[in-house]
Structures are given as C-alpha cells and as structure tokens.
1. What is the number of the single condition among (1) more than 14 Å from the chain's Cα centre (by Cα); (2) under 27 Å from Leu132 (Cα atoms); (3) open to solvent by 30 Å² or more (accessible area, probe 1.4 Å); (4) of a type in the set (Ser, Thr, Tyr) that Thr51 does not meet?
2. From the list Phe163, Phe221, exactly one residue is without any contact (Cβ under 8 Å) to a residue 40 or more places away in the chain and closer than 30 Å to Ser33 by Cα. Which is it?
3. Would you be able to say whether some residue in the range 166-182 is open to solvent by 70 Å² or more (accessible area, probe 1.4 Å), more than 20 Å from Val19 (Cβ to Cβ), basic (Lys, Arg) and in contact (Cβ under 8 Å) with a residue 40 or more places away in the chain?
4. Go through Ala149, Ala185, Ala235, Ala193 for me and flag whichever is small (Gly, Ala, Ser), in contact with a Phe, Trp or Tyr (Cβ under 7 Å, 6 or more places away or on another chain), surrounded by 13 or more Cβ atoms within 10 Å (Cβ to Cβ) and touching a residue at least 24 places away in the same chain (Cβ under 8 Å).
5. Take the range 30-74 and flag every residue that is more than 26 Å from Glu117 (Cβ to Cβ), not charged (D, E, K, R) and not in a helix (DSSP H, G or I).
6. Take the conditions part of a helix (DSSP H, G or I) and closer than 19 Å to Phe122 by Cα and apply them to Thr83. Does it pass?
7. If you take the residues in the range 94-136 that are among the β-branched types (Val, Ile, Thr) and at pLDDT below 80, which one is farthest from Phe163 (Cα to Cα)?
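The values are calculated or read from the model by the stated rules, or taken from the named source; none is laboratory data. In this text, all values refer to a predicted model and were calculated from it rather than measured experimentally. Here the Cβ positions follow ideal geometry from the backbone for every residue, glycine too, while neighbour counts run over all protein chains shown. Just the protein is used for accessible areas: all its heavy atoms, side chains included, with ligands, DNA and RNA removed. Shrake-Rupley method; radii C 1.70, N 1.55, O 1.52, S 1.80 Å.
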Amino acid sequence: MIAGIFIAILCPAVGVFLVLKRYSMMGDSLSHSSLAGVALGVVFGYNPIITAFIFTAIAGLIIEFLRSYYEKYSELILVIVLTFSVGIAIVLISTGQANANVNSYLFGSILTVSDNELYIIFILSIISVISLSLFYSKLLYITFDEIGAKIAGINVKFINYLFSLLVSATICVSIRILGILVISAMIAMPVAASLQLKKGFKTTLSFSIMFGFIDIMGGLFLSYYINSAPGGTIALTSVIILIMVLAAKKLLLNKSTA
C-alpha cells in the first residue's frame, strides 16, 4: 500500500510533463528498457531494481543525446533505444538464467515487495519529488516553449537530462507494483482523464494524481479479490476511469445544451 501511494503520486506527476511535451511514448520505451536492467540484475546477482534504474537512466540519457541528431524524427529515437534494450533483455532471458524471476517484474507482484525494495522505492520517490519541486517552473517553461526557455537563459539540455533521470526513477519505482508491461499506462492514463476536465496546469496535475491514486488503489483491491496480477488490473481500472470521465463529460454537455 505504501509503495502504491508513492507510485500514485510519481507516475502522473511525471506523466503530465511527458504528455504535454508530446513525448508520452518515452515512458513506454524506458519501461521496456528497464526489462534489460532487471534481466542483468537477475543474471548477475544484483538487486534488479537498482540495475533497472542504472540501465533505464542510461537509456534516458541516450534518448536526450540523440535528440540533436533526429530533431525532426524524435519518435525514431524511441524505436532505436527500445530495439537495443529489448534485444539485450531477450538474449539474457533466453539463456534460461532469468526466466522465472523476470515474470514478477513483467506483470507486477505487490506481495513480493521486500523491505529492502520498499526502502529503495522510498528513496527514489523522495529524490524525484524534491527534484520536481525544485525545477517545477523551469520544467513547465520548457514543456510549453523550449525555444523561449533557451532564450530566457534556462539550461534546457541539463533540465531535459535531469527529467529523463526522473522518468527512469519513476519507472523503476513502479516495476514491482505495476509490472514492466503496463507502467506506461499509469504514466499516461490518469493524465488522459484529467485533460478532459480542461483546467489549468496545476489543476490538471492535481487531478492526474487523484486519478492515479484511484486507479492504483482500485486496481490493487480488485486484484486481491479476483486473484489477478496487480499491473493488469490497475491498467484496466485506469481505462474504466477514463471511460467514466468521458461519459460524465458527455452527459454534462448534453444537459447544458438541452
């Protein structure tokens, strides 16, 4: 539950910036990159969350580095990093040394979160929240007008690199609860729901966190009672919440025009 609360705050908070930058697929690419990090940790006997963070952070930095080479084809960068990471993961898993252990990271397993992993989740979450708070205004400026931010004297490249590390930390914090396959859903779906309210940035951010909390807690309770993987149940819950928001919005529009 504690790990779920951290994720409910972190994923939507990072997701708002990613979605508004039209870069939501970066979460998907980095979440798949974390699979290679997990496989490395399992095969060589290190903590998989730490190795996943290291590998995902490197992948995030590579994405930012390649942006200057593919300015007009930014989505191609994600494909390059995704191909490299998934290739490493498949090679390691196919050796048979990591197969069984990797499954809990693929699909999420909240019951197997150890005390040590909870401490790592706590530390990464605190660092991420503090970083987001410190660089909030600069991140906001860059999100809506990167060129203007450069002119204003903001070190855009540094902030973008830092943000990539924050995304990496968020993904690695979420692995044990959500599973690698559905982390990107938790980054984007609460934001998708809150954007339908058409409010200001801070209100959208607040509602994204609220929807994230509902998605995760609702998904966790449902997964317990129907005996399913938490990650998949949370993903389905997030879709249901989005559909409910869309239906409520449509209903209110019909009432106002009636």
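1. (3)
2. On the way: Phe163 fails: without any contact (Cβ under 8 Å) to a residue 40 or more places away in the chain.
Going through Phe163, Phe221 in turn, the sole match is Phe221.
3. If we filter the range 166-182 for residues that are open to solvent by 70 Å² or more (accessible area, probe 1.4 Å), which is where we start, we get 181.
Okay, now just the ones that are also more than 20 Å from Val19 (Cβ to Cβ), so none.
No - not one qualifying residue is present in the range 166-182.
4. Only one candidate qualifies: Ala193.
5. Ser68, Tyr69, Tyr70, Tyr73, listed by residue number.
6. Spelling it out, it is not the case that Thr83 is part of a helix (DSSP H, G or I) and closer than 19 Å to Phe122 by Cα.
7. So, considering only residues that are among the β-branched types (Val, Ile, Thr) and at pLDDT below 80, the one farthest from Phe163 (Cα to Cα) is Thr95.
Yes/no per residue for (1) of a type in the set (Asp, Glu); (2) at pLDDT 90 or above; (3) over 24 Å from Leu106 (Cα atoms); (4) out of contact with any Pro (no Cβ under 6 Å at 6 or more places or on another chain):
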site: Ile216; (1), (2), (3), (4): no, no, no, yes
site: Ile226; (1), (2), (3), (4): no, no, no, yes
site: Thr233; (1), (2), (3), (4): no, no, no, yes
site: Ile240; (1), (2), (3), (4): no, yes, no, yes
site: Met244; (1), (2), (3), (4): no, yes, yes, yes
site: Leu251; (1), (2), (3), (4): no, no, yes, yes
site: Asn254; (1), (2), (3), (4): no, no, yes, yes
